[in-house]
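K.L.:
Below: one structure in structure tokens.
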Amino acid sequence: MFLLLVAGIVAVWVTLGSRLSINHLAAREAEFQAYREAHPVLVYVAAFGFYVLVTGLSLPGATGMTLLLGWLLGFWRALLLVSFASTLGATIAFLLSRYLLRDSVQQRFGSRRASFNAALQREGAFYLFTLRLIPQVPFFVINVVMGLTPLPVRTYWWVSQVGMLPGTVAFVYAGSNLPDLQTLATLEVSKILSLPLVLSFILLGVFPLIVRRIYLVIRPARSTDERHDDLNDE
């Protein structure tokens with residue numbers, strides 16, 4: 001049943017993918033804008049649902065959709081939509097991984113499970129937050145791997161929401177500065193990049209290093225406190 005559902009979703013994705021591609025939308029940009037102005041709520045709800053579908057099933061196209069929504073909806077409305085839709089999609093992928101793969105993986109690596117799970121219980125939120133700040137780490141890999149851990153769903157949600165926000169801001173801002181869809185379709189980078197955008201991407205790349213530096217300062221103190229707690233328990 002599950003395989004049939006996945007096959008159906010993939011079929012819909014393939015069918016709609018060509019109609020919702022950047023090139024197709026760019027060719028009908030005026031019609032697209034007119035429809036958005038005539039049906040703003042419908043477009044917003046449909047965009048939210050489609051974004052959740054793409055990210056929840058780890059389908060390609062999330063970055064392009066983020067740029068497109070920044071152009072279509074403007075910075076603040078697109079930021080709100082993408083932030084919550086991407087987090088919901090990531091959580092769905094996280095849960096799919098947990099309930100479909102976790103038991104088999106835990107059985108296979110049972111000898112290492114206890115120490116790994118203990119480490120995740122202590123610092124799982126920080127690990128997730130750091131990974132979310134690194135653009136080079138694929139979105140779907142984080143969702144699948146974290147789904148195999150004992151990290152609580154609530155923690156996964158809020159850490160993902162906060163951790164993905166800087167990258168979301170950068171890409172939505174880039175999309176909101178697009179003059180037209182043809183620029184995005186042809187990837188005319190010179191028309192997309194601006195000084196504030198370049199600075200935001202530089203900050204996005206440097207921020208994980210700053211966080212790591214802070215972590216290296218804090219960790220020894222935390223380890224000392226944990227040892228004191230262990231001695232007190234004994």
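Rule-based calculations on the coordinates, nothing more; no lab input. Please read all numbers here as calculations on a predicted model, not as lab measurements.
K.L.:
Quick one: what are the phi-derived ³J(HN,Hα) couplings along region 28-36, Karplus 6.51/-1.76/1.60 with θ = phi - 60°, whole Hz, x for glycine and proline?
P.N.:
10, 4, 5, 5, 4, 5, 5, 5, 4
K.L.:
What are the ³J(HN,Hα) couplings of region 130-145, residue after residue, when phi is run through the Karplus curve with 6.51, -1.76, 1.60 and θ = phi - 60°? Round to Hz, x for glycine and proline.
P.N.:
Listing the rounded values in order: 5, 5, 5, 8, 9, x, 6, 7, x, 4, 6, 5, 4, 4, 5, 5 Hz.
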